[in-house]
Amino acid sequence: MKRQVLTILLIVFASYSFCQDVKKIEKKFDNSKQISESFYVLKSDKNIKHGEYILYFRYSDNDESLIKNGIKKKDDFIKERGNYINGKKDGVWIEFVNKTEMDSGKYSNGKKVGIWDTYNGNEKVKSFDYDNNKKIGIWLTYKEKGMVTERYDYDNNIQLEPFIRFNISYPNIAQENGIQGTVKIRFHINIDCTIDNISIVQSLSPECDKAAIDAMKKYGELYKKYSKNCVDRSEEQDINFRLY
């Protein structure tokens, strides 16, 4: 994902045409030849950034050697990248919180707008919505390898119930024997958000029944950890096993 975003940005930057005369500025880290910032300023006012902007993480001597040998690229050490228009951020930007966690979204007239996504490596971990730098709508945070989606409603300033999905392991023996269908499970949710009294209402096969019970137990662990304001109740859940 990081490489895809950088490639898209390179295309955007390459097609960007300056409407005013600009001058390129490169700053270096203290006591180093490494470039820390690369950007353009207006020739008419050198305090106003206008054009492509790149901010770098500092890298080690070993990293510099790997770059020279073509094993790594300077793009691997980008901390921020985007465009300025008359001193204000505009268009698509990437901003690294650290070397693995990256925010990606758009600025308009110096303010964040629209959907901003946060990636940790190749995994999207957050998705936020902005209106002129103001948080709006329902913000999503992905946890437990995407099994849990936490939600916060910024319009009403309240934490919503998370989405928690089942992670089903389809038994190999059931697949080999062409077994498919539905296991219906009954369970009880306690006021402290624990889940117990798990039982099979509709059986499919011993292997699928066990896989459904195991999935329900994992669901219960996540439900206890992330759910809010639980009400004492009993529920039933269909767990489907399908061959495709």
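So how much slack lies between residue 62 and residue 33, counting 0.36 nm per residue of separation and subtracting their Cα-Cα distance, in nm?
Length gained between residue 62 and residue 33: 9.0 nm.
Just to be sure I understand the curve: with the Debye formula and one point per C-alpha of the chain, what is log10 I(q)/I(0) at q = 0.11, 0.15, 0.16 Å⁻¹? Reported log10 I(q)/I(0), two decimals: -0.79, -1.05, -1.12.
Distances between placed amide hydrogens fall under 5 Å for residue 126 paired with 118, 142, all partners being 5 or more residues away or on another chain.
Judged by the ratio a/c of the largest to the smallest principal axis of the C-alpha gyration tensor, region 2-136 counts as oblate, that ratio being 1.5 or greater while a/b is no larger than b/c. Separation of region 112-133 and region 175-244, taken as the distance between their Cα centroids, equals 32 angstrom. Whole-Hz Karplus values for region 53-70 come out as 10, 9, 10, 10, 6, 6, 10, 7, 4, 5, 4, 4, 5, 5, 5, 4, 8, x Hz, taken residue by residue from phi with 6.51 cos²θ - 1.76 cosθ + 1.60 and θ = phi - 60°; glycine and proline positions read x.
Using the Karplus relation 6.51 cos²θ - 1.76 cosθ + 1.60 with θ = phi - 60°, the per-residue 3J(HN,Hα) values for region 72-78 come to 10, 10, 4, 4, 5, 10, 6 Hz, with x marking Gly and Pro. With the helix formula -39500 (n - 2.57) applied to DSSP H stretches of n ≥ 4, the chain reaches a computed 222 nm mean residue ellipticity of -6000 deg cm²/dmol. Suppose R0 equals 45 Å; then what is the FRET efficiency for residue 125 and residue 46 from their Cβ-Cβ distance, rounded to the nearest 0.05? Approximately 0.70, to the nearest 0.05. The residue 243 and residue 157 beta-carbon pair, evaluated with R₀ = 51 Å, returns a calculated FRET efficiency of approximately 0.65.
Each value in this text was obtained by applying a stated rule to the coordinates, not by laboratory testing. Keep in mind it's a predicted model, so treat the numbers as computed, not measured. All Cβ positions, glycine included, derive from the backbone under ideal geometry; neighbour counts span all protein chains shown.
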